[in-house]
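Here's the structure we're looking at; comments come further down.
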Amino acid sequence: MAERRTALKAAAEPDFLQFNDLACEAVGGTVIFATDEWFAPAANLLKREPPQFVASAFTEFGKWMDGWESRRKRIPGHDWCIVQLGVPGLIYGIDVDTSFFTGNHSPFVSIQASCLDEKPPFTLEGDRTGMAASDSQLAAVAKLRSEAWPELVSLSQLKPGYADCCHNYFKVNLNHRVTHLRLNMFPDGGIARLRVYGVGQRDWSTVPSDKDVDLVALTNGGVCLGYSDAHFGHPRNMIGLGRAVNMADGWETARRLDRPKQLEVDQRGILQVPGWEWAVFRLSHPGIISSIEVDTNHFKGNFPDSCRIEACSLTAEEEAEGIRSKWNSGKWQVLLPPQKLRQHHIHLYSRADLTLSTPVTHVRLIISPDGGVSRLRLWGRPTPIATAPANGKRAVSKL
């Protein structure tokens with residue numbers, strides 16, 4: 001494989017950032033309770049977009065902030081909120097982002113977690129700037145006994161929201177499915193974003209054996225385990241919900257520097273270039289893939305010329321070796337031969353287009369020479385877990 005040198009990962013970035021954000025509003029995450037939202041509502045914590053700062057922006061309650069900010073507390077206690085994950089699953093790390101909260105960030109934080117059998121019958125709606133929890137809301141949330149939930153993050157000091165220290169990363173060690181979090185601020189203040197990185201867990205016993213499901217969807221437990229380049233957009237975006245909202249909501253690489261000065265094509269019109277880009281995914285469940293969707297929505301002047309997809313079945317040990325080797329080794333087989341792609345288009349491939357009909361656990365999407373893909377769907381039927389594949393019921397391999 002022709003490789004291009006990639007930029008070094010920032011030394012401070014933990015490995016768990018590779019996983020999916022299970023709390024993001026884009027996957028259905030919501031804040032269902034908050035003690036106080038005077039300056040800025042807690043719903044902002046789960047926005048997809050990075051925090052912004054507008055120096056001239058004010059509301060009738062004070063400075064507008066793109067995050068959750070409570071009033072300066074003058075009564076006993078501390079502020080806290082309850083987050084309902086959009087995708088229940090295993091959590092491996094958390095980013096408490098204090099961006100732009102520089103004289104008003106929360107000094108300390110802790111995070112608790114629970115797996116609730118049923119969703120609580122209450123939520124928060126509308127713009128809650130300037131509001132605090134009512135007596136009835138406090139009584140309803142008290143029934144959850146969230147103060148007794150197990151701790152994911154013990155009492156920890158937060159750094160202020162300057163660019164070089166705003167990301168407060170916490171590694172999590174809890175091998176249990178989580179549906180809800182309690183975020184505690186001590187005693188008050190502001191937090192811009194809460195990112196909850198993990199892998200979804202679905203109850204596969206409820207899925208009919210004759211029903212095709214998207215085996216790579218993040219809502220089902222698919223996860224990206226590696227990629228060659230993600231200069232403009234991370235490949236995990238491709239397994240998100242719905243169609244992409246814009247180019248940022250997809251995987252996009254830089255332009256390869258080893259492209260020939262004069263481009264040529266073969267008899268099928270596919271560019272003949274020496275290099276390509278790739279992204280590896282673990283499926284949510286071993287299965288037989290019967291149809292594929294590759295969507296280049298929004299990518300009009302920067303879509304890939306072609307793509308192909310490879311697949312294999314790996315044990316947990318083989319997956320770990322693939323991660324260590326940056327996926328330079330493996331037992332990949334062609335699932336979808338090279339296909340010419342079009343701009344801003346949904347490409348559908350049926351069983352007749354595929355060359356593999358055996359159960360697989362991992363796939364590798366390869367684009368040539370570079371460009372952007374907004375969504376990848378791999379439709380198929382789950383197959384029984386015979387041995388101990390990498391996506392069995394166990395802790396996820398470390399990246």
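The values are calculated or read from the model by the stated rules, or taken from the named source; none is laboratory data. As the structure is a prediction and not an experimental result, all values here were calculated from the model. Note that each Cβ is placed from the backbone with ideal geometry, even for glycine, and that neighbours are counted across all protein chains shown. Surface areas here come from the heavy atoms of the whole protein model, side chains and all, with no ligands, DNA or RNA. Shrake-Rupley method; radii C 1.70, N 1.55, O 1.52, S 1.80 Å.
Summary table
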quantity	calculated
Ranked packing of 360-368, 121-129, most packed first, by mean Cβ within 10 Å	360-368, 121-129
Kirkwood Rh, Cα atoms: Rg over Rh of the range 119-242	1.00
Debye intensity ratio I(q)/I(0), log10, the range 287-330, q values 0.13, 0.15, 0.19, 0.25 Å⁻¹ (C-alpha model)	-0.51, -0.64, -0.83, -0.92
Extent along principal axes [Cα atoms of the range 15-70; Å; largest to smallest]	38, 25, 18
Rel. contact order, % - alpha carbon contacts under 8 angstrom, at least six apart, the chain	19
Stretch gain in nm, segment R324-L257, where the contour uses 0.36 nm per residue and the Cα spacing is subtracted	21.5 nm
Tail beyond 14 Å, pair distance distribution of the range 199-260 (Cα, percent)	65
Label-point gap, in nm, between A132 and E317 - each point 7 angstrom along Cα→Cβ	6.0
Cα-based radius of gyration of the range 97-188 once divided by 2.2 N^0.38 Å, which approximates compact folds	1.24
Anisotropy class of the range 58-144 from Cα gyration tensor, a/c 1.5 cut	oblate
Reach of K159 by Cα under 15 Å, taken over aspartates and glutamates that are not fewer than 8 positions away in the same chain	D95, D97, D188
Alpha-carbon gyration tensor eigenvalues x 5, square-rooted, for the chain, Å	40, 24, 18
Neighbour net charge for R342 - beta-carbon separation under 12 angstrom, K R +1, D E -1	0
Surface per residue (accessible, 1.4 Å probe) for the chain, Å²	47
Surface share of carbon and sulfur [accessible, 1.4 angstrom probe, percent] for the chain	53
Relative packing of 300-311, 44-55, which averages over residues the other C-beta atoms within 10 Å, highest first	300-311, 44-55
Over the range 260-399: Rg over Rh, Cα atoms, Kirkwood Rh	0.99
Alpha-carbon centroids, the range 196-232 and the range 129-186: separation in whole Å	26
For peptides 132-140, 18-26, sequence by mean Cβ density within 10 Å, most packed first	18-26, 132-140
